[in-house]
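Worksheet: the structure to be examined is printed underneath.
Values quoted throughout were computed directly from the atomic coordinates according to the rules given, and no laboratory measurement underlies them. Here the structure is a predicted model, which is why all the values come from computation and not from measurement. Please note: Cβ atoms are built from the backbone with ideal geometry, for glycine as well, and neighbour counts cover all protein chains shown.
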Amino acid sequence: MEYGIGRVSGIDMELLVELFNDAYSDYYVDIQVNPDRLRRLIEREDIQVDNSFVAYEEQRPVGVVFLGVRGRRGYICGMGVRRSRQRRGIGELLMRRVLSEAKRLGLNTIQLEVVAANRRATALYSKLGFVPMRDLGLWERNTPPPAPEPAPVRADVAVASQPGARVGAVRMPGVLPLVDAFNEIRPCWQNEAQSLVKMSDRLVGYVSHLDSAATAYALFGESAGGLYIADFAAASRLGNAQRQSMCEILLSTVDRDVPRASAKAFNIPLQGYQEAALRARGFELTLTQQEMVLCLKWR
Ligand SMILES: CC(C)(COP(=O)(O)OP(=O)(O)OC[C@H]1O[C@@H](n2cnc3c(N)ncnc32)[C@H](O)[C@@H]1OP(=O)(O)O)[C@@H](O)C(=O)NCCC(=O)NCCS
């Protein structure tokens, strides 16, 4: 069977939504969209609809791949084939098309996140040369949060947990520089400052200080009636134990100020102080995502 390929900019939004939802109808997490949600996703993740592709079987759209672009970095943000049309080479065809477009655009790297258990997708990405970079966790808590006072590493850190003292609400522009400054490894695409800034109207930022220097930030909001931790991190100049402690203090302050029966945190790196802080605050790992990258420069 010969498949046609067109650009996402050339397809009707309702058709695109129907295709996306079909491809993701049996997915590990619920990511069904409507036109509004898909438009927001396209805007937030810097997806270029002219450089993203739809595969057609005769006139019918059967697969889609979205390419996000920031500088010379690209991001596969959604890649799916209609369920009844999987395993016929359409996914690979779309990926090869978008990779050659990325080369044409002069991009150096392409990154993506894939659910680690999604063997079909990880096999496809590995076949194309993507390599695993790190693991990210999807976290949930459906129990009351633990007592709000974590043990401080230094006595003066304890002040930070007092209301109005050293933990303060900070407007988004004040938090964004910390996202870049505190993360030695850039956060995943969806947690980069460029994505977070587009959620300014829905996120609140808390920042803790020690000796007047910012030590940690947390960005949070509400999702489906529960607490949603969009991102948090602590200054890299601190040791790991202190980073964990700072994050615990911030997260427990959030729990105190925004008490909710459930809480979620998405795409937070595993095996570091952030995982330790989430576990200490009663979160459990529900799903592991693998961040993968392909270097285009040498291909
Ligand atoms: C992942 C997905 C896009 C693959 O598309 P597809 O059109 O079915 O894949 P293709 O037929 O082009 O296969 C290409 C390669 O993918 C891998 N693959 C695809 N289906 C597979 C399966 N069922 N088992 C193992 N590997 C598989 C193989 O490496 C295959 O290469 P091969 O034929 O040489 O073995 C498709 O299964 C899908 O849409 N899944 C649901 C949405 C999703 O998971 N998206 C990815 C999110 S990151």
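Numbers for the structure displayed
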{"read-out": "Top-ranked residue in region 176-186 [being without any contact (Cβ under 8 Å) to a residue 60 or more places away in the chain and not in a helix (DSSP H, G or I); ranked as nearest to ARG134 (Cα to Cα)]", "value": "ARG186"}
{"read-out": "Residue within region 39-55 that is within 13 Å of the ligand (Cβ to nearest atom), of a type outside the set (Ser, Thr, Tyr) and more than 18 Å from MET1 (Cβ to Cβ) present", "value": "no"}
{"read-out": "Answer from ARG73, ARG87, ARG104, ARG7 - the residue that is surrounded by 12 or more Cβ atoms within 10 Å (Cβ to Cβ) and without any contact (Cβ under 8 Å) to a residue 40 or more places away in the chain", "value": "ARG73"}
{"read-out": "Entirely in region 196-235, the strands (runs of 3 or more DSSP E) that have 2 or more residues that are under 14 Å from ALA169 (Cα atoms) and aliphatic (A, V, I, L, M)", "value": "204-210, 213-223"}
{"read-out": "Residue that is surrounded by the fewest Cβ atoms within 10 Å (Cβ to Cβ) [pool: residues in region 118-135 that are closer than 12 Å to MET79 by Cβ and near the ligand (Cβ under 6 Å from one of its atoms)]", "value": "ARG120"}
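To keep it simple, each residue is scored yes or no on (1) acidic (Asp, Glu); (2) out of contact with any Lys or Arg (no Cβ under 8 Å at 6 or more places or on another chain).
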{"site": "GLU43", "(1), (2)": "yes, no"}
{"site": "PHE53", "(1), (2)": "no, no"}
{"site": "LEU67", "(1), (2)": "no, yes"}
{"site": "ILE76", "(1), (2)": "no, yes"}
{"site": "LEU112", "(1), (2)": "no, yes"}
